[in-house]
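J.: Would you mind keeping the following structure in view while I ask a few things?
Here, each number is a calculation from the coordinates, and none is a lab measurement. Everything quoted here is computed from the prediction, not taken from an experiment. Note that we place each Cβ from the backbone using ideal geometry, even for glycine, and neighbour counts take in every protein chain shown.
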Amino acid sequence: MRRSNRSVLLTGIYRDGPLSRQELSVRTSLSAASVSNLVGELIAEGVVEEAGSVESEGGRPRVLLRVSPTFRYVVGAEVGETRIRVELFDLAMNVLATWDHPINEPEPAVVVKHVLEGLAVVIGSAGVRSEQILGLGVAVSGVVEGNAVVDAQTLGWDRVPLGQMLAEGIDIPIHVDNGANMLGQAEMWFGAGRGATDAVVALVGSGVGCALVAGGSSYRGTRSSAGEWGHMTIAYGGRRCRCGADGCLEAYVGAEGVLERYREAGGTLAAVDEEAAFVELLDSVRTSELAATIVDETIGYLAAGFANLVNLVNPERIVLGGWAGLMVGERYLPQLREVAGRHALRLPYSQVSIELCELGRDAVALGAATLPVLRLLRDGGVVPLRSNR
């Protein structure tokens, strides 16, 4: 019970702080004495610290509390299809060090090698000791089951024991989850999803996925594979998707599929790199009728995908992120909203807002870094054992 109460207090301070002891008592329904005792423990352990004060009506100023940013540090890694990004954060989620590495083929052994390399680099760059690292969160494509086993059909990963492979190289606690879910967690905690209880956070990059939030909690489905929105059939008998099925949304709006459609229609691009080629295509809209047609069709497919989400799950908010999603959304968000409205039922569409990710294209690594933070909050500030072996 004591650890549970510590967890409730610590989560409130972290997610909504800085807060005073009085505010914590009201929010948690714990007695003032219990709050005072538990907060005293957390301060003595260095987990929580005082962060100034605010005036109160007719009494002494109220001391505000926050989670100490330097109590521990966390690392988030995004394993994309074209690059691996590793970032080190303090507990206020300030970025202290960043490492990027391009990859051609995301083979499991190569991914593990580069993630561990990036981890060592950011720890060294930030000047922190490895024992100060609370944990490493890793975001990957595909379905992540218990013990961090990854099934990523589009990458050719079949039950890859990614957590175990990483644990063989470090003794830092490891957490692995789906990349779209990590983007969703970052946006729900710190970005465009804050305050929403029913939301969809869409990730559009080389591939497509989404995070579903229902009643304020992440919806994962029976075996954690919910959110594979990119493999919703958008055109029966349509284009072959990387997953092997025909007509998936990803085949029409994922960056790889968009560029393939353009090239198959006779278009040429000077850039070889996928992200640079996608920018080139978007920039060509003003001078190329073919580019304009492909981009307009992409907006239509993406908007239809949004409409399907509106009709199916009735969210109050849809947040569009991912590097390709942001590129399209920054230029065409009003058009996306207008076309989605034409495909969705009127009433649920009137209840939803479609917004852009606020945390930028690197929010997936930030979301991954919240995994060890979430563990700390659930454990009431008790630091987990270090060994993975």
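J.: Placing unit charges on C-beta atoms (Lys and Arg positive, Asp and Glu negative, everything else neutral), compute the dipole magnitude of the chain about its Cα centre in debye, rounded to 20.
T.: 1220 debye
J.: In debye, nearest 20: dipole of the stretch 185-336 around its Cα centre with unit charges on the Cβ of K, R (+) and D, E (-)?
T.: 440 debye
J.: Could you check which residue among L302, L166, L155 shows the biggest mean-square fluctuation in a GNM of the chain with a 10 Å Cα cutoff?
T.: Result for the chain, Cα springs under 10 Å: L155 fluctuates most.
J.: For the stretch 268-383, what log10 I(q)/I(0) values come out of the Debye formula at q = 0.14 1/Å, with one point per alpha carbon and no solvent?
T.: After summing over all Cα pairs, the log10 values are -0.72.
J.: Sticking with this structure for a sec: Out of P315, T287, L119, whose Cα points farthest toward the positive end of the dipole of the chain (charges: +1 Lys, Arg; -1 Asp, Glu; placed on Cβ)?
T.: Working it through, the farthest residue towards the positive pole turns out to be P315.
J.: How high is the relative contact order of the stretch 192-358, in percent, counting Cα pairs under 8 Å that sit 6 or more residues apart?
T.: Relative contact order here is 25 percent.
J.: What residue among S7, P18, V67 has its Cα farthest toward the positive end of the dipole of the stretch 2-67, where the charges are +1 on Lys, Arg and -1 on Asp, Glu, each on the Cβ?
T.: S7
J.: For the stretch 192-358, taking Cα atoms only, what is the radius of gyration to one decimal and the Dmax to the nearest whole Å?
T.: Rg and Dmax of the stretch 192-358, Cα atoms, are 15.6, 48 Å.
J.: Something else about it: At most 16 other C-beta atoms within 10 Å and a DSSP loop state: those are the exposed GluC sites (Glu not before Pro) I care about. Give me the longest piece of the chain that has none.
T.: Of all site-free stretches, the longest is 169-315.
J.: Once each part is reduced to its C-alpha centroid, what is the distance from the stretch 315-353 to the stretch 223-285 in angstrom?
T.: The two parts, judged by their Cα centres, are 18 Å apart.
J.: Between Rg and the Kirkwood Rh of the stretch 278-325, both from Cα atoms, what is the Rg to Rh ratio?
T.: 1.09
J.: A further question follows. Treating the beta-carbon of each Lys and Arg as +1 and of each Asp and Glu as -1, no other charges, what is the dipole magnitude of the stretch 39-144 about its Cα centre, to the nearest 20 debye?
T.: 100 debye
J.: Taking only the Cα atoms of the chain, how large is their convex hull per residue, in Å³?
T.: Taking the convex hull of the Cα positions in the chain, it is 160 Å³ per residue.
J.: Have a look at the DSSP beta bridges in the stretch 192-358 and tell me what percent are antiparallel, nearest 5. Each step should come with its number before you reach the end.
T.: Values: 11 of 20 bridges.
For the stretch 192-358, the DSSP antiparallel bridge percentage is about 55.
J.: Tell me the angle of helix 274-283 to the major Cα principal axis of the chain, expressed in degrees between 0 and 90 and rounded to the nearest ten.
T.: The answer is roughly 70 degrees.
J.: Quote the Stokes-Einstein diffusion coefficient, in whole µm² s⁻¹, for the stretch 151-237, based on the Kirkwood radius over alpha carbon pairs, a temperature of 20 °C and a viscosity of 1.002 mPa s.
T.: It diffuses with D of about 147 µm²/s by this estimate.
J.: Taking springs between alpha-carbon atoms closer than 10 angstrom, which of L162, L42, L203 fluctuates most in the Gaussian network model of the chain?
T.: L42
J.: Right, here's the next one. Given 10 °C and 1.306 mPa s, compute D for the stretch 2-67 with the Stokes-Einstein relation, Rh being the Kirkwood radius over Cα pairs; round to the nearest whole µm²/s.
T.: The diffusion coefficient I find is 136 µm²/s.
J.: Roughly how tilted is helix 363-378, in degrees to the nearest 10 and between 0 and 90, from the longest Cα axis of the chain?
T.: Compared with the principal axis, the helix lies near 30 degrees.
J.: Just name one of G46, T197, I133: the one whose Cα is farthest towards the positive end of the charge dipole of the chain (beta-carbon charges, Lys/Arg +1, Asp/Glu -1).
T.: G46
J.: A follow-up question, please. What is the helix-to-structure angle for 289-313, meaning the angle in degrees between its Cα long axis and the longest Cα principal axis of the chain, kept from 0 to 90 and rounded to the nearest 10?
T.: Helix 289-313 and the main axis of the chain meet at about 50 degrees.
J.: Still on this structure: In nm, give the distance between the simple-model label positions of D283 and Q164, each being 7 Å from the Cα along the Cα-to-Cβ direction.
T.: For D283 paired with Q164, the spin-label model returns 4.7 nm.
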